[in-house]
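Reading through the structure tokens given below for one structure.
The values are calculated or read from the model by the stated rules, or taken from the named source; none is laboratory data. Quantities reported herein were computed from a predicted structural model and do not represent experimental measurements. In this analysis, Cβ positions are derived from the backbone assuming ideal geometry, glycine residues included, and neighbour counts consider all displayed protein chains. Surface areas here come from the heavy atoms of the whole protein model, side chains and all, with no ligands, DNA or RNA. Shrake-Rupley method; radii C 1.70, N 1.55, O 1.52, S 1.80 Å.
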Amino acid sequence: MVYEIGRTKSGLRMGFTTGSCAAAAAKAATYMLLSGETIQQVKLMTPKGIELYLDVEKIRRTEKFAECAIRKYSGDDPDVTNGIFVYAKVTKKREKGVTLDGGIGVGRFTRKVLEQEAGEAAINKVPRQMIREAVQSQIEKYDWDGGADVLVYVPQGVEIAKKTFNPRLGIEGGISVLGTSGIVEPMSEQALTQTIFLEMKMLRDEGHRYCYLTPGNYGNDFLRQTLGYNQELAVKCSNYIGDAIDDGVRLKMDGLLLVGHIGKLVKIAAGVMNTHSRQADARMEVLAVHAAMAGADRETVCALMKCFTTKEALDILEERGLLEETMRTVMEKIEYHLAKRAGEKMKVGALMFSDELGVLGKTSLVDKLREKIG
């Protein structure tokens, strides 16, 4: 079924996330379990404030449990999960509270990654909260004096996960249940790159010949909160770093200063100018090679290659006294590739940071570009 949830400014249809599917399925299953009635549609309020009315499918109900599925709809976003069924099985229990786990097709973390512990189902923080709140709302509505066990599963998730980067993120056995807003807002590559160009052109037309580039919110937040820079002079370039540099040259900008998290910027050291994970990764390869150049032994290089996150890799480099020298040569290589892309008509610098360690390195032109931007 095609839903009309809303459209982006570029006219593309919005969809809803796997997290919304799981929460809606859990809410519908809890309703049917506690009310004894069968429903064909369920209402869900998303964190973004958009209310969804979703079709309930694959219904099965007994006195002890109820389960159903919601079909994922991605709108015009090219998502491999579009059209799959996300199931929730809700079982009554006498103890109060809502417990949540993942079944077949929902991946599991093989090691601690950020807020998730090893062995936990790959259901992110916001979807977990959405599912629990949806189930609890029905428990309170029908005055059930116990709790509920919720199992989320995605039968097609095992195969779909093979097309994702989940194994490299330490997630095995299935997909992740994702979504911070509950809504999928697609934007075509052409629309994104046009937006980057127009934002930079507006700054140039206002008389600014220099500006910041940030891949996303991390970079913007770091500019504002940590460095105290003027965020209004920043253009968000998403993963399209190379295209943004090309735009700067086309607009005859004098200089750009790229500020970003290591997870994105370290890829530039390998000449990767589109940093989306679908295009290339190379994070650990870059860090391992530069650590070897800094004197790392074989054991350290192998440990770096097994890391899932740049935080893990930075911890290893710091523990073994290799961080400073590794970052120095990484930044040299980043500077080389940025200068090669920009040519001789525009200056480009880069400042790279991590959430835990702050500024990790900067290229030679950073301070001069900061002065020019003002």
Subject >> Cleavage-rule hits, GluC sites (Glu not before Pro), region 164-207, DSSP coil, Cβ neighbours within 10 Å at most 11 >> reply: 206
Original post:
Amide H of residue 213: which non-local residues (sequence gap of 5 or more, or other chain) have their own amide H closer than 5 Å, using H built in the peptide plane?
Top reply: 235, 257, 258, 259
**OP:** Can you grab the distance from the C-alpha centre of region 273-321 to the C-alpha centre of region 136-203, Å, no decimals?
**Re:** 27 Å
Original post:
Under a 5 Å amide H to amide H cut-off, with H placed in plane at 1.01 Å, what residues pair with residue 105 once short-range neighbours are removed?
Top reply: 154, 158
Subject >> Heavy atoms of residue 302: accessible area, 1.4 Å probe, square angstrom to 10 >> reply: 50 Å²
Original post:
What are the principal axis extents of the Cα atoms in region 122-227, in Å, biggest first?
Top reply: 65, 36, 27
Subject >> Phi-based couplings in Hz for region 194-199 (Karplus 6.51, -1.76, 1.60; Gly and Pro marked x) >> reply: 5, 5, 4, 4, 5, 5
**OP:** Could you order 318, 312 so the one with the most accessible surface comes first? Probe is 1.4 Å.
**Re:** 318, 312
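Can you tell me the dipole magnitude for the chain around its Cα centre, using point charges on the Cβ only (Lys, Arg +1; Asp, Glu -1), in Debye to the nearest 20? All intermediate terms of the calculation are to be shown ahead of the outcome.
Numbers: 52 positive and 50 negative charges, 97 e Å.
That gives the chain a dipole magnitude of about 460 debye.
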Original post:
Evaluated at 10 °C with a viscosity of 1.306 mPa s, what Stokes-Einstein diffusion coefficient in µm²/s does region 1-112 have when Rh comes from the Kirkwood expression over alpha-carbon pairs?
Top reply: 105 µm²/s
Original post:
Which of the lysines could a cross-linker bridge to residue 64, judged by Cα under 21 Å and excluding same-chain residues fewer than eight apart?
Top reply: 27, 89, 92, 93, 96, 141
**OP:** Could you point to the label whose value was computed as semi-axes √(5λ) of the Cα gyration tensor in Å for the structure here, given (i) 44, 25, 16; (ii) 30, 26, 23; (iii) 33, 28, 20?
**Re:** (i)
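Within region 1-41, report the trypsin sites (Lys or Arg not before Pro) that DSSP leaves as loop and that have at most 12 other Cβ atoms within 10 Å.
Working: sites: 7, 9, 13, 27; in loops: 9.
Those satisfying the criteria are 9.
Can you compute the helix-only [θ] at 222 nm over the chain? Use -39500 (n - 2.57) per DSSP H run of at least 4 residues, normalise by all residues, nearest 500 deg cm²/dmol. Walk me through the numbers before you get to the answer.
Numbers: 12 runs with 132 residues, N = 374.
Calculated mean residue ellipticity at 222 nm is -10500 deg cm²/dmol.
Given a 1.4 angstrom probe, I'd like the percentage of the accessible area of the chain that is carbon and sulfur, rounded to a whole number. Present the calculation step by step, with values, prior to reporting the outcome.
On the way: 8820 of 18030 Å².
C and S fraction of accessible area: 49 percent.
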Original post:
Using the Karplus equation 6.51 cos²θ - 1.76 cosθ + 1.60 (θ = phi - 60°), what ³J(HN,Hα) coupling, rounded to whole Hz, does each residue of region 142-158 give in order, writing x for Gly and Pro?
Top reply: 9, 6, 6, 8, x, x, 8, 9, 10, 10, 9, 9, 9, x, 7, x, 4
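Over region 172-213, give the accessible area per residue in Å² for a 1.4 Å probe, as an integer.
51 Å²
For the chain, what does the relative contact order come out to in percent, with C-alpha contacts under 8 Å and a separation of six or more?
On the way: 755 pairs, mean separation 52.6, N = 374.
So the answer I get is 14 percent.
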Original post:
How much of residue 92 can a 1.4 Å solvent probe reach, expressed as accessible area in Å² and rounded to 10?
Top reply: 80 Å²
Original post:
residue 82 versus residue 221, label points 7 Å from Cα toward the beta carbon: distance in nm?
Top reply: 3.0 nm
**OP:** Name the long-range amide H neighbours of residue 360: under 5 Å, sequence gap of 5 or more, or other chain; modelled H, no Pro or chain starts.
**Re:** 352, 353, 354
Original post:
Counting only protein chains, not ligands or nucleic acids, how are 55, 355 ordered by accessible area (probe 1.4 Å), most first?
Top reply: 355, 55
Original post:
Tell me, what ³J(HN,Hα) does each residue in region 298-315 have, in order and in whole Hz, if you take phi through Karplus 6.51 cos²θ - 1.76 cosθ + 1.60 with θ = phi - 60° and put x for Gly and Pro?
Top reply: 4, 4, 5, 4, 5, 5, 5, 5, 8, 5, 9, 10, 5, 4, 4, 5, 5, 4
